[in-house]
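These notes are about the structure you will find just below.
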Ligand SMILES: [Cu+2]
């Protein structure tokens, strides 16, 4: 009995601690020299995890352009605003910075390792460097 109780508590504890928060910065320049980028191009997270975007540099936001089928895209954030989203649905998500998407300020979130909607994401119309970068990022997942 004692063993079962310990097992149950361990399971509950692990289950709670598994959900994590990932921080992504909105940057004018990243350590690798890339300009107008998020600190992570591809964020691989688990179902139930939260991503918090910080307006580390000014003039950026987060606008979702695509996600798994049935997902209601969140409304785009205001410039210089912190954004926090919890992802409960597995799949690939594409988000961009509204003013800089043409310059390639775009990124992906992959939830639960599920890339089954990758094709749908690849069909989202992008322009300029954003277009090239989307193809490049999709190649990485
Ligand atoms: Cu931007």
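The values are calculated or read from the model by the stated rules, or taken from the named source; none is laboratory data. Worth saying up front: this structure is predicted, and the values here are computed from it rather than measured. As a convention, Cβ positions derive from the backbone with ideal geometry for all residues, glycine included, and neighbour counts pool all protein chains shown.
Determine whether residue 69 is over 20 Å from residue 140 (Cα atoms), loosely packed, with under 15 Cβ neighbours inside 10 Å, touching a residue at least 12 places away in the same chain (Cβ under 8 Å) and away from the ligand (no atom under 16 Å from the Cβ). Against the criterion (over 20 Å from residue 140 (Cα atoms), loosely packed, with under 15 Cβ neighbours inside 10 Å, touching a residue at least 12 places away in the same chain (Cβ under 8 Å) and away from the ligand (no atom under 16 Å from the Cβ)), residue 69 qualifies. Looking at the structure I just gave you, is residue 59 at pLDDT 95 or above, more than 15 Å from the ligand (Cβ to nearest atom), over 11 Å from the mean Cα position of the chain (by Cα) and surrounded by fewer than 14 Cβ atoms within 10 Å (Cβ to Cβ)? When the stated conditions are applied, residue 59 does not pass them.
Using the structure shown, decide if residue 54 is within 16 Å of the ligand (Cβ to nearest atom) and within 18 Å of residue 20 (Cα to Cα). Considered against the rule, which asks whether it is within 16 Å of the ligand (Cβ to nearest atom) and within 18 Å of residue 20 (Cα to Cα), residue 54 comes out as yes.
Which condition number does residue 78 fail, the rest of (1) within 14 Å of the ligand (Cβ to nearest atom); (2) within 12 Å of the chain's Cα centre (by Cα); (3) farther than 22 Å from residue 34 by Cα being met? Only one criterion is unmet by residue 78, namely (2).
The residues of region 82-97 that are within 16 Å of the ligand (Cβ to nearest atom) and surrounded by 14 or more Cβ atoms within 10 Å (Cβ to Cβ), listed by number, are 83, 94, 95, 96, 97. For residue 42, the conditions (1) touching a helix residue (DSSP H, G or I) at 6+ places or on another chain (Cβ under 7 Å); (2) within 16 Å of the ligand (Cβ to nearest atom) all hold with the exception of (2).
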